[in-house]
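Structure first, then comments.
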Amino acid sequence: MEESVSASVTDNEEPDLALEGDETSKPDLHNVNDKDNQPVEHTDEEVPRNDPYAYLDRADFTSEKFKIEIRGLPKFYGIGELKKLLNDKLKLGSNKVKPPAKGSYWVYVCFRSEEDRQNALRALDGFVWKNKTLSAEIAKPAPDPLVKKRRQESHEKRDVEDAKKQKIDDKSQEERLKASTIPFWDVPYDKQIEQKQANIRQILVKMGHDMVKGNPALKPWVDKQRSKYNGLPCELWDVRASPVCDGYRNKCEFTVGINEETGERTVGFRLGSYVQGFTGVGPVDCLRHIPDRMKEAAKTFEKFVQASDLGVFNPETHEGYWRQLMVRLSTGSGQLMLVVGMHPQTLSQEELRKVKDDLKDFFENGEGKTCNVASLYFQHIMRRQAGKELPPLEHLMGKTHIYETLLGLKFRVSPEAFFQINTSAAEVLYNSVAELSCPTENTTVIDICCGTGSIGLCLAKKCGQVLGVELLAQAVDDAKSNAKDNDITNCDFFVGRAEDILSSVMNRAVKGDILAVVDPPRAGLHHRALIHLRRAEKLSKLVFLSCDPKAAAKNFVDLSRPTSKTYHGAPLVPVRAVPVDMFPHTSHCELIVYLERVDLNQLGKTQPEQRSFYHNSSEGSTKHHTSSEEEIQLQC
């Protein structure tokens, strides 16, 4: 599942040591007379170019100023537990907890003031927690990675890693951009599919090992599965290819920054991460996964930015305004939605109103009219402050939503809602979900992290009831509207975090057979939500979709843990898996895993047969291919 746009920066963020929540772009080092480098109503002194700690002297808040190091931590503890100790029990008001590595016996904790830091030092030094005596001391702030890299390159000999970075630097801007966004751009698609199949195999092999480690009682069953499926803990079908390989993205978030080759303001993609020292922005003309209309929209907005009196945002000095352009394009209707993001700095309300009016006029009557924008929004993108909400997106022009068509259904998509970024491959994905789970009229589908309701609504005609859970209220409004627009009456959707409301939502199930479908963010499902899934006695099967199976691997291990006070009910174990290539020309591949709840005494029994419209390969897997129109219809 791809992350949705939010009012704070979500892509390519600089690390915690810089100002929190701020995206990065690079100041113009090619043309000192460019207006981007002129002071922008800022009172900060000029930042020394090679001082990696200069950011501490800015007026902007950074929690690195007030950091401590806690040592002597117990062997087993959770970050959530530690936060409760700090903020709930000891009332210390920590701002951030940063473990240096998994399993470390120390952590960094940041605060918002020197007074809070001193209070924490007094309270924590010598404090006994879980039979361990803690020690606390002031921690040094971390250096800015961009400046640190610049300094290393100026004063130190390059080691092997530096040589690798230099090799990257020696590439052309186009080569670097392709390498960071579509690294498989020049690999034949059949070879891409083979590589992704091999990667998924490795992930499943490790999953089987980790499952046995977490629940040794599963070893006889896992061994039997391995002998049956060529070393894998479950049946693996072949990667199902994307019907469209070029221009497939229906959503992109472009960064506004400086083109390192031309020194001009550019709307495109970052050339690498901030930690690696890359902050320049390159144009997207050469990227084959982006539709031409999106490229045209980015290029047109670029002209607006270049003509603006307001400069682009500089993450190193935190000056400047223009930051981001989010573009959504409906592959069905051709509707185009733009969300323009900027940092308002010290602009007055009157000045901001003029900026918005200029944007509206540009796309309504000016050069931007050729883009045929169906919906235009304005977004504040700045550091989120504790206790304060950022202004909501402001609708400037056109419709408030655009519409997409998926498996014969019409979906309303709002600017912040999640929707699969590859519409044609999403049809293959949802087909596969139905094929794996085979819902019936006696099935209640619990659609967790449902977004605009696309999975649940596509399954609605195959099942008796759909209950959706989603964090974003706007997405739930979209889901309800989508159900109404498609005359689907057996669905309901609820706003909230899955870990908070899942139990109460599941109590609304009216059918005897409960199927959970989980499509969480990249990092996986929250631990508490997994616990609720295990506790649901009526839940017998689960379909888990993951766009990053490595990141979500712990979820699969937790679902298969032995019954305990925390994990009620029998384990949920993987039975079948099918990869779907949602992201051609990248290393990423969506993985659908079908799990069933099994009693340890029943593990040796034969698994039920699945009805499939794909023929099985020698390993019980399906040959990848592009689905025809006939196969695109939901089947089971």
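The values are calculated or read from the model by the stated rules, or taken from the named source; none is laboratory data. Please read these numbers as outputs of a predicted model, since none were measured by experiment. In this analysis, Cβ positions are derived from the backbone assuming ideal geometry, glycine residues included, and neighbour counts consider all displayed protein chains.
Whenever a residue of segment 226-240 is under 13 Å from Gln202 (Cα atoms), its partners that are in a loop (DSSP other than H, G, I, E, B) and of a type outside the set (Asp, Glu), lying with C-beta atoms within less than 6 angstrom and at least six residues away or across chains, give the pairs Leu236/Ser621.
The set of residues from segment 559-579 being outside any loop (DSSP other than H, G, I, E, B) and either within 11 Å of Val598 (Cβ to Cβ) or not charged (D, E, K, R) (or both) comprises Leu559, Leu572, Val573, Pro574, Val575, Ala577, Val578, Pro579.
So is Lys550 in contact with a strand residue (DSSP E or B) (Cβ under 6 Å, 6 or more places away or on another chain), surrounded by fewer than 23 Cβ atoms within 10 Å (Cβ to Cβ) and under 24 Å from Met207 (Cβ atoms) or not?
No: the conditions fail for Lys550.
The number of residues in segment 455-478 that are surrounded by 24 or more Cβ atoms within 10 Å (Cβ to Cβ), among the small types (Gly, Ala, Ser) and at pLDDT 95 or above comes to 2.
Within segment 584-598, residues that are closer than 13 Å to Ile421 by Cβ have Cβ atoms under 9 Å from residues that are acidic (Asp, Glu) and surrounded by 23 or more Cβ atoms within 10 Å (Cβ to Cβ) in these pairs: His588/Asp581; Glu590/Asp581, counting only partners at least 6 apart in sequence or on another chain. Test Leu218 against the criterion of being of a type outside the set (S, T, N, Q) and not in a helix (DSSP H, G or I), and give yes or no. Against the criterion (of a type outside the set (S, T, N, Q) and not in a helix (DSSP H, G or I)), Leu218 does not qualify. Taking the numbered list (1) farther than 26 Å from Val578 by Cβ; (2) basic (Lys, Arg); (3) free of Cβ contacts under 8 Å to residues at least 40 places away in the same chain in turn, Arg508 passes all entries but (3). Among the numbered conditions (1) modelled with pLDDT of 90 or more; (2) loosely packed, with under 15 Cβ neighbours inside 10 Å; (3) not in a loop (DSSP other than H, G, I, E, B), the only one that Lys91 does not meet is (3).
A quick yes/no check of all residues on (1) in contact with a strand residue (DSSP E or B) (Cβ under 9 Å, 6 or more places away or on another chain); (2) buried (at least 23 other Cβ atoms within 10 Å of the Cβ); (3) outside the structural domain of Thr563 (by TED's automatic domain parsing):
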position: Arg176; (1), (2), (3): yes, no, yes
position: Pro188; (1), (2), (3): no, no, yes
position: Lys191; (1), (2), (3): no, no, yes
position: Gln197; (1), (2), (3): yes, no, yes
position: Pro216; (1), (2), (3): no, no, no
position: Trp221; (1), (2), (3): yes, no, no
position: Val239; (1), (2), (3): yes, yes, no
position: Glu261; (1), (2), (3): yes, no, yes
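Please verify whether segment 320-337 includes one or more residues that are touching a Phe, Trp or Tyr at 6+ places or on another chain (Cβ under 8 Å) and more than 23 Å from Arg293 (Cβ to Cβ). Yes: one or more hits. Does any residue of segment 572-586 turn out to be surrounded by fewer than 18 Cβ atoms within 10 Å (Cβ to Cβ), under 21 Å from Ala198 (Cα atoms) and at pLDDT 50 or above? So far as segment 572-586 goes, yes, one or more of its residues are surrounded by fewer than 18 Cβ atoms within 10 Å (Cβ to Cβ), under 21 Å from Ala198 (Cα atoms) and at pLDDT 50 or above. In the condition set (1) at pLDDT below 95; (2) within 23 Å of the chain's Cα centre (by Cα), Asp246 is compliant with all but (1).
For segment 423-436, name all the residues that are closer than 24 Å to Glu537 by Cβ and surrounded by 24 or more Cβ atoms within 10 Å (Cβ to Cβ). Before the answer, list the steps.
Restricting attention to segment 423-436, the residues satisfying the condition of being closer than 24 Å to Glu537 by Cβ are 433, 436.
Of everything in segment 423-436, just one residue is closer than 24 Å to Glu537 by Cβ and surrounded by 24 or more Cβ atoms within 10 Å (Cβ to Cβ), namely Val433.
Condition first: without any contact (Cβ under 8 Å) to a residue 24 or more places away in the chain and part of a helix (DSSP H, G or I). Now tell me which residues in segment 117-146 satisfy that. Scanning segment 117-146 gives Gln118, Arg122.
Return yes or no: is Leu396 at pLDDT 95 or above, in contact with a strand residue (DSSP E or B) (Cβ under 9 Å, 6 or more places away or on another chain) and buried (at least 23 other Cβ atoms within 10 Å of the Cβ)? When the stated conditions are applied, Leu396 does not pass them.
In the set (1) surrounded by 23 or more Cβ atoms within 10 Å (Cβ to Cβ); (2) under 18 Å from Glu175 (Cα atoms); (3) modelled with pLDDT of 95 or more, Arg270 fails one condition alone, (3).
Every test in (1) of a type outside the set (Gly, Ala, Ser); (2) closer than 20 Å to Lys356 by Cβ; (3) surrounded by fewer than 24 Cβ atoms within 10 Å (Cβ to Cβ) is passed by Met337 save one, and that test is (3). Just need a number here: residues in segment 232-261 that are more than 30 Å from Pro143 (Cβ to Cβ) and either in a loop (DSSP other than H, G, I, E, B) or among the polar types (S, T, N, Q) (or both). Total satisfying the criteria: 15. Can you find a residue that is aliphatic (A, V, I, L, M) and modelled with pLDDT under 85 anywhere in segment 109-129? Within segment 109-129, not a single residue is aliphatic (A, V, I, L, M) and modelled with pLDDT under 85.
Within the option set Leu407, Leu352, Leu390, being without any contact (Cβ under 8 Å) to a residue 24 or more places away in the chain and more than 19 Å from Thr300 (Cβ to Cβ) holds for one residue only, Leu352. Only one entry in Arg323, Arg412 is in the same structural domain as Val256 (by TED's automatic domain parsing) and of a type in the set (Lys, Arg), namely Arg323. The C-beta contact set for segment 439-451 (first residue closer than 19 Å to Ala417 by Cβ, second residue among the charged types (D, E, K, R) and in a strand (DSSP E or B), distance under 7 angstrom, 6+ apart or interchain) comprises Cys449/Glu470; Cys450/Glu470; Gly451/Glu470. Put simply, of Lys196, Lys191 the only residue that is out of contact with any Ser or Thr (no Cβ under 9 Å at 6 or more places or on another chain), among the basic types (Lys, Arg) and either closer than 18 Å to Cys547 by Cβ or modelled with pLDDT of 95 or more (or both) is Lys191.
Give the residue that is farthest from Asp116 (Cα to Cα), with candidates limited to residues of segment 64-88 that are touching a helix residue (DSSP H, G or I) at 6+ places or on another chain (Cβ under 9 Å) and in a strand (DSSP E or B). That would be Ile70.
Please verify whether Leu525 is under 21 Å from Glu590 (Cβ atoms), surrounded by 21 or more Cβ atoms within 10 Å (Cβ to Cβ) and at pLDDT 90 or above, treating the condition exactly as stated.
Working: under 21 Å from Glu590 (Cβ atoms): yes; surrounded by 21 or more Cβ atoms within 10 Å (Cβ to Cβ): yes; at pLDDT 90 or above: no.
So Leu525 does not fit the description; no.
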